[in-house]
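Working notes, beginning with the structure itself.
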Amino acid sequence: MDREKLITMLHDMLLARAFEERAAEEYGRGNIAGFLHLYPGEEAVAVGVLHAAEPSDYIVSTYREHVHALVRGIPANSVMAELFGKKEGCCRGMGGSMHLFDRERRFMGGYAIVGETYPVATGIGYTIAMRDLPEAVICFFGDGAVNQGTFHESLNMAALWDLPVLFVCENNHYQIGTEIHRHSAVPEVYKRACGYHIPARKVDGMDVLAVHQATQEALTQIRNGTGPQFIEFETYRFRGHSMADPGSYRPRVEVKAYEKEDPITIAIAESLPVYPSSEQIAAAGPDSIDQLATHLDQAGHLSSETLAELKAGVAETVEAAVRFATESPEPSLADAQACLDCNRGMEVLI
Ligand SMILES: Cc1ncc(C[n+]2csc(CCOP(=O)(O)OP(=O)(O)O)c2C)c(N)n1
Ligand SMILES: [Mg+2]
């Protein structure tokens, strides 16, 4: 992977963390209403998956979708304004946190209903297949969503008709406060896909490069016309289920252990240059010059100055997004009516 792409991925993870932490603050100030489900801890999944996708692919996500929207390229300003319920939000303030949508970027929505993403994605996959296009649809869902009936109906159809769907399970081990072994008879989520002969695997969702590579491989298979693929990413959310949930059902020691695996810290550690000492170079001897050159090349992606610049940049982006959302006007009743009327005359009677 080239350096520029690595830096962009790190930037997106930093932006994701800063955006969500700031959204939590704004929720506390009363600027965001309703439910707010945040993503800290899970950034490597959205960033790794979506950087492996093409602009022509479709994305279907859940209510924990702010970061998917940001990584897909919806500007932080319009995502934050949507969270604020403002007119300049990506859905004109009518969707809010759980219903981000952007047709141009083929971001086909966040969905509040657990298990709602599968039939939507399968339907999009059916359309792609009928048109015989080299496109795919990426369907996100949580570990708790795999016990919905829609999971089985959709996987069956996708497999039966070789639809170009990548099923992506964000397994953060919890369905609100219920741990996976208490809500699922088969807690190894990826194994369920074998019931439909869908190739499936489990991947470390805290390692952005592993996520990216697995997604790229799966999408290549899909574009070869071999039908759906399934990846379970093991991850962890550092916060409670939503802002209404203090997450007190999880032992402190468990949260602490996962915080040590913070995907952002890992990505930074992997990117900062680790230059060998002169003793190590001498001990390695002349034969390993090539090896050393490769190592330096691979490890020297990022300087601490660049890292500081990235952090300052995302802080400014988030600050500007909050300013933009605060200053954006409230939608009027007429705006709401216009949204209701937008499909008038296009109804299909069946
Ligand atoms: C059909 C349906 N049932 C119940 C709910 C309430 N609910 C909202 S989120 C959630 C937990 C889903 O957990 P998971 O799929 O693991 O996703 P996570 O929140 O962990 O990302 C539930 C039960 C809902 N939104 N929709
Ligand atoms: Mg979950």
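Overview of values
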{"read-out": "Cα-only radius of gyration and Dmax that characterise the range 1-152, units Å", "value": "15.4, 49"}
{"read-out": "DSSP H segments from the chain that extend 20 Å or more along their own axis, Cα-based, with Kyte-Doolittle mean of -1.0 or above", "value": "3-28, 117-131, 208-223, 304-327"}
{"read-out": "Under the Karplus curve 6.51 cos²θ - 1.76 cosθ + 1.60, θ = phi - 60°, whole-Hz ³J(HN,Hα) for the range 53-65, x wherever Gly or Pro sits", "value": "8, 9, x, 7, 7, 9, 10, 10, 10, 9, 7, 9, 10"}
{"read-out": "Label-point gap, in nm, between residue 56 and residue 176 - each point 7 angstrom along Cα→Cβ", "value": "4.3 nm"}
{"read-out": "Order of 139, 194, 90, 339 - criterion: other Cβ atoms within 10 Å of each residue's Cβ, fewest first", "value": "194, 339, 90, 139"}
{"read-out": "Average Cα contact separation per residue, the chain, under 8 Å, 6 or more apart, as relative contact order %", "value": "22 percent"}
{"read-out": "Sorted largest first, extent of the range 59-120 alpha carbons per principal axis (Å)", "value": "30, 19, 17"}
{"read-out": "Radius 14 Å from Cβ of residue 224, net charge of other residues (Lys, Arg +1; Asp, Glu -1)", "value": "-3"}
{"read-out": "Long-range HN-HN contacts of residue 62 with modeled amide H, under 5 Å", "value": "111"}
{"read-out": "Surface/4 of the Cα convex hull for the range 90-178, nm²", "value": "6.6 nm²"}
{"read-out": "Full-extension gain in nm, residue 197 to residue 35, via 0.36 nm per residue minus C-alpha separation", "value": "54.6 nm"}
{"read-out": "Overall form of the range 116-224 per C-alpha gyration tensor (a/c, 1.5; a/b vs b/c)", "value": "oblate"}
{"read-out": "The range 191-273: trypsin sites (Lys or Arg not before Pro) in DSSP loop, at most 11 other beta carbons within 10 Å", "value": "260"}
{"read-out": "Sites residue 326 and residue 130 - FRET efficiency at Förster radius 45 Å, r taken between beta-carbons, to 0.05", "value": "0.50"}
{"read-out": "Coarse-grained scattering of the chain at q = 0.07, 0.09, 0.10, 0.12 Å⁻¹, given as base-10 log I(q)/I(0) from a Debye sum over alpha-carbon atoms", "value": "-0.32, -0.53, -0.65, -0.91"}
{"read-out": "Distance histogram in 5 Å bins (all Cα pairs of the range 25-103, percent per bin)", "value": "3, 16, 26, 27, 17, 8, 3, 1"}
{"read-out": "Full-stretch length increase - residue 305, residue 186 - with 0.36 nm per residue and alpha-carbon distance subtracted", "value": "38.2 nm"}
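Since every read-out is calculated from the coordinates, none of them should be taken as a lab result. Treat the numbers as computed from the prediction; the structure is a model and nothing was measured. Cβ sites come from the backbone with ideal geometry, for glycine too, and all protein chains shown count toward neighbours.
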